[in-house]
Amino acid sequence: MSWHRESSALLRVDRAALWAAIRDVGGWPQWCGGLSDARPSSDGAAVDLVPSGLVGAVHRRTAPAALVLRDESGRIVVEQPQPGGCTRVTLSIEADDGRDDEVWRLRQVVEVEGPLVLLAQRGLALPLARGFPDDVMRLNALLAAQGGARPAPDPA
């Protein structure tokens, strides 16, 4: 069994600032409402992701660390193992064709594979997928506070 959701949003931000926020998995709970905590390993190759809510308490005690795969071109994959499968979250930064070079598309793909699809979907995958619009707003506000977001151009 498998489950898949894909979302994207356009952001007028400095690409380097956006990439810094995305690649810092330990900082995701600052802008991702589906997570209450994220603790990367010392080498950054793994992270203990803790979903928000009651599921998070169980997850913290029972789930192994998620694997973190970074591609310096602007793509990060976090894969949470589960018996017989995994939950995979991919975030990528893409140029938005037809727009100026200050507008970037943030794409989120959330996938669940294996016999525990329904459990993983409800516990982690669905909150991440459904929360993406609000997460993007929080991320943009965080980047603006850090000076990485750019105002929209004045209409001509």
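The values are calculated or read from the model by the stated rules, or taken from the named source; none is laboratory data. Since the structure is predicted, the reported quantities are computational estimates derived from the model, not experimental observations. Don't worry about glycine lacking a Cβ; one is built from the backbone with ideal geometry, like all the others, and counts go over all protein chains shown. For the accessible areas, the whole protein counts, side chains as well, though only heavy atoms, and no ligand, DNA or RNA atoms are used. Shrake-Rupley method; radii C 1.70, N 1.55, O 1.52, S 1.80 Å.
Details
- Hey, Asp97 at pLDDT 85 or above, in a loop (DSSP other than H, G, I, E, B) and out of contact with any Leu (no Cβ under 9 Å at 6 or more places or on another chain) or not: no
- Any hit, region 7-28, residues being open to solvent by 30 Å² or more (accessible area, probe 1.4 Å) and in contact with a helix residue (DSSP H, G or I) (Cβ under 7 Å, 6 or more places away or on another chain): yes
A quick yes/no check of all residues on (1) at pLDDT 90 or above; (2) more than 20 Å from Glu6 (Cβ to Cβ); (3) under 12 Å from the mean Cα position of the chain (by Cα):
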| residue | (1), (2), (3) |
| --- | --- |
| Leu49 | no, no, yes |
| Ser73 | no, no, no |
| Ile76 | yes, no, yes |
| Arg105 | yes, no, no |
| Arg122 | no, no, no |
| Ala129 | yes, no, yes |
| Arg150 | no, yes, no |
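- Filtered residues of region 121-139 (kept if in contact with a Phe, Trp or Tyr (Cβ under 8 Å, 6 or more places away or on another chain) and within 16 Å of Glu79 (Cβ to Cβ)): Gln121, Ala125
So that you can scan it fast, the table gives a plain yes or no per residue for (1) open to solvent by less than 70 Å² (accessible area, probe 1.4 Å); (2) outside any helix (DSSP H, G or I):
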residue: Asp37; (1), (2): yes, yes
residue: Asp43; (1), (2): no, yes
residue: Val50; (1), (2): yes, yes
residue: Ala57; (1), (2): yes, no
residue: Arg61; (1), (2): no, no
residue: Ile76; (1), (2): yes, yes
residue: Gln80; (1), (2): yes, yes
residue: Ile93; (1), (2): yes, yes
